[in-house]
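The values are calculated or read from the model by the stated rules, or taken from the named source; none is laboratory data. Please read these numbers as outputs of a predicted model, since none were measured by experiment. Cβ coordinates were reconstructed from backbone atoms using ideal geometry, including for glycine residues, and neighbour counts include every protein chain displayed. These area figures cover heavy atoms from the full protein model, side chains too; ligands, DNA and RNA do not enter into them. Shrake-Rupley method; radii C 1.70, N 1.55, O 1.52, S 1.80 Å.
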Amino acid sequence: MTQISHVRRGTGSPIVLVHGLGSRWQIFAPVIDRLAEQYEVIAVDLPGFGASPPLPGIRPGPRGYASWLTQWFSDNEIRRPHVVGSSMGGGIGIELGRTGVASAVTAFSPVGFYRKPGLRWVQGSLTAMRTVARSAGPGLDRAVEHRLGRAVLLSVMFGRPTRVDPDAARVALAGLAGASSFTDARDDFATYILDPDDDPGALRDIPVTIAWGTRDVVLIHRTQSARAREVLPFARHLDLPGCGHLPFSDDPQLCTRTILDNRRTS
């Protein structure tokens, strides 16, 4: 069996952390130990991202990865987890909630709530960042050592980029540069546009929280969080003040509380 890169910490009912496009499990590092004080936490590198190789037969994207995770949960005896997703991972969580695999879903700036201009923007902005990460070379490693360098390189993704640890910044940028399934997953976003008429399935029966950083300039907070409220009116919708697209370094305490408050209602 192909080994998928992941970490498991803590004991108790499971919380599974699912990253977004061009990312890896380490993006959740600021909240993992906090969550593991009460629950078993599993953070996974999706196939074709981080240290996980691409796998044949998987369609990279929210629906394809949700289908694969359903089987991976079964293979690893992870039953009815609370799924926490970031960006593409948020869309994956929504699909796992829809099919009844997840017992609760917390989605941070999930994909799927854009219209065509927003779709083109997220695809283009992430592709541009990947190009920078792949072409910058050793200068990038030196730049992230400095607050100004992190502010310039990371401000698209983080609301408070200077709070990101330099080593964490290097890991994040290396993950973006090296993601072998990036292009396929990015292109799949065009097939993943959620609508109020979509069947929510089991989502209505479980706790669902949609959280959005007010400084998110990748999946634009003002327009896409509003559309999420239209599509999922039964969910709990939260704004994360001062946070960007990846809020876990911006405000670890607030992100942890957002997850745990959803978990307590499940």
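List of remarks:
- Remark: relative contact order (the chain) = 23 percent; criterion is Cα-Cα distance under 8 angstrom and separation of 6 or more residues.
- Whole-percent carbon and sulfur share, accessible surface of region 68-140, 1.4 Å: 54 percent
- Accessible surface, region 9-112, averaged per residue in Å² (probe 1.4 Å): 31 Å²
- Cα-based shape type of region 4-73, given that a ≥ b ≥ c are square roots of the gyration tensor eigenvalues and the cut on a/c is 1.5: prolate
- Area of T214 that stays accessible when all protein chains are in place (1.4 Å probe, Å², to 10): 60 Å²
- For region 176-235, the Stokes-Einstein estimate of translational diffusion at 4 °C and a viscosity of 1.567 mPa s comes to 95 µm²/s, using the Kirkwood hydrodynamic radius over alpha-carbon pairs.
- FRET E, pair V152, A202, Förster distance 51 Å, beta-carbon r, rounded to 0.05: 0.75
- Label-to-label distance, nm, for residues given as Q71 and T131 (7 Å Cα→Cβ offset): 3.6 nm
- Global geometry of the chain, whether rounded, prolate or oblate, following the gyration tensor of its Cα atoms and the 1.5 cut on a/c: rounded
- Label point at T162 placed 7 Å out along Cα→Cβ; residues across region 198-222 whose backbone nitrogen lies under 20 Å: 214-217
- Gaussian network model of the chain, Cα within-10 Å springs - most flexible of H245, H19, H146: H146
- Region 101-148: C-alpha gyration tensor shape, a/c 1.5 cut-off, then a/b vs b/c: oblate
- Take E37: with every protein chain present and a 1.4 Å probe, its accessible area is about 150 Å².
- Label point distance in nm, T214-Q253, each placed 7 Å from Cα along Cα→Cβ: 1.7 nm
- Rounded accessible area of I27 (nearest 10 Å², 1.4 Å probe): 20 Å²
- The alpha carbons of region 1-152 occupy a box of 44, 37, 29 Å along the principal axes, longest dimension given first.
- Springs join every pair of Cα atoms under 10 Å in this Gaussian network model of the chain, and among G149, G85, G48 the largest mean-square fluctuation is at G149.
- Solvent-accessible area, 1.4 Å probe, carbon plus sulfur percent, for region 182-266: 47 percent
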